[in-house]
Amino acid sequence: MVKLLGPAEVRALAARLDLTPTKKLGQNFVIDGNTVRRIVAAAGVTAGERVMEIGPGLGSLTLGLIEAGASVTAVEIDRRLAELLPETLAAMGAPAGSYDVVRADAMEVMPDPLRLTALAQGGEVDDPSALVANLPYNVSVPVLLHVLEHFPTIRRGLVMVQAEVGQRLAAAPGSKIYGSPSAKAAWYAEVRLAGQIGRQVFWPAPNVDSILVRLDRRAEPGDERDRRETFAIVDAAFGQRRKMLRQSLVPVLGAGASAIIERAGVDPTARGEVLTILDFLRIALAARSA
């Protein structure tokens, strides 16, 4: 039977590594088993599927995923944590072959190297169908977008992020907090909030609130070229979000920005915060045909 880590086990593992959690790496370890099971349940993890976990740390969430019957590919950038994790998982009852640990920067990991690493470790090489992670606050958005872009087999995800970041990811057009992360995430998936997480379940307790964000992938509205050009429009619109589109998009569309926006069926006097990702795509396509 797989056992989960509690406060004593987490602190003992950290002491063994002489590890002082750092804000730079966003190291706040979950020490509450009920919270771990809640995250796994909210993610809809099923027995037999492969899950990618970013930043497993000491293994709290990893063990919860394995307890639910999943196989886990854990991507960890910290050498000490990556080296200790297999030993910890085995000691807590995780079956052999139920996990692979990949020491890598999550912003650089790609499907093929991931398969090769798993194979070299004697593990499974099937592609992950879900992402479940406690993402470091400072890199959560770029990591999430990288995974969604490069791992199309991931059909759904549940990530724990800083509450402010999660709210922005799930924001709808017209909201004051709707921005570039909201629009870009919407290219890949339906995004919604899935519950708050108290500070007391972490060690050390963070200075910010955390929230769960659920993502369910849907068909992308365009191809890779469409995505790149659309995201450039998104970045320009929110880089000067107080300006009207006919002004903020001049750097990417040129002097004819207003005419291009009109041809896309979008009001040139609108601001980026009211546009859906499909609106941004229409502008990109109109610019291409200009």
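The values are calculated or read from the model by the stated rules, or taken from the named source; none is laboratory data. Just so you know, these numbers come straight off a predicted model, no measurement behind them. Note that each Cβ is placed from the backbone with ideal geometry, even for glycine, and that neighbours are counted across all protein chains shown. What goes into the accessible areas is simple: the full protein's heavy atoms, side chains included, and nothing from ligands, DNA or RNA. Shrake-Rupley method; radii C 1.70, N 1.55, O 1.52, S 1.80 Å.
Structure summary
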item: In segment 236-257, residue surrounded by the most Cβ atoms within 10 Å (Cβ to Cβ) [restricted to those that are touching a residue at least 40 places away in the same chain (Cβ under 8 Å) and assigned to a helix (DSSP H, G or I)]; result: 237
item: Within segment 140-175, considering residues that are among the β-branched types (Val, Ile, Thr) and under 25 Å from residue 46 (Cα atoms), the one surrounded by the fewest Cβ atoms within 10 Å (Cβ to Cβ); result: 153
item: Qualifying residue in segment 203-214 (condition: under 19 Å from the mean Cα position of the chain (by Cα) and aromatic (Phe, Trp, Tyr)); result: no
item: Residue list for segment 277-290, restricted to those being exposed (fewer than 15 other Cβ atoms within 10 Å of the Cβ) and either free of Cβ contacts under 8 Å to residues at least 24 places away in the same chain or not in a helix (DSSP H, G or I) (or both); result: 289, 290
item: Filter result for residue 72 (under 25 Å from residue 146 (Cβ atoms) and either surrounded by 14 or more Cβ atoms within 10 Å (Cβ to Cβ) or free of Cβ contacts under 8 Å to residues at least 40 places away in the same chain (or both)); result: yes
item: From 133, 42, 94, residue being modelled with pLDDT of 95 or more, outside any strand (DSSP E or B) and closer than 19 Å to residue 217 by Cβ; result: 42
item: Of the criteria (1) of a type in the set (Val, Ile, Thr); (2) more than 19 Å from the chain's Cα centre (by Cα); (3) at pLDDT below 95, which one residue 77 fails; result: (2)
item: Selected residue (criterion: nearest to residue 192 (Cα to Cα)) from residues of segment 217-230 that are open to solvent by 40 Å² or more (accessible area, probe 1.4 Å) and outside any helix (DSSP H, G or I); result: 218
item: Only listed residue being buried (at least 19 other Cβ atoms within 10 Å of the Cβ) and more than 16 Å from residue 180 (Cα to Cα), chosen from 260, 233; result: 260
item: Selection within segment 166-201 - closer than 27 Å to residue 30 by Cα, of a type in the set (A, V, I, L, M) and out of contact with any strand residue (DSSP E or B) (no Cβ under 8 Å at 6 or more places or on another chain); result: 171
item: Conditions (1) touching a helix residue (DSSP H, G or I) at 6+ places or on another chain (Cβ under 6 Å); (2) assigned to a loop (DSSP other than H, G, I, E, B); (3) within 15 Å of residue 128 (Cα to Cα): number failed by residue 51; result: (2)
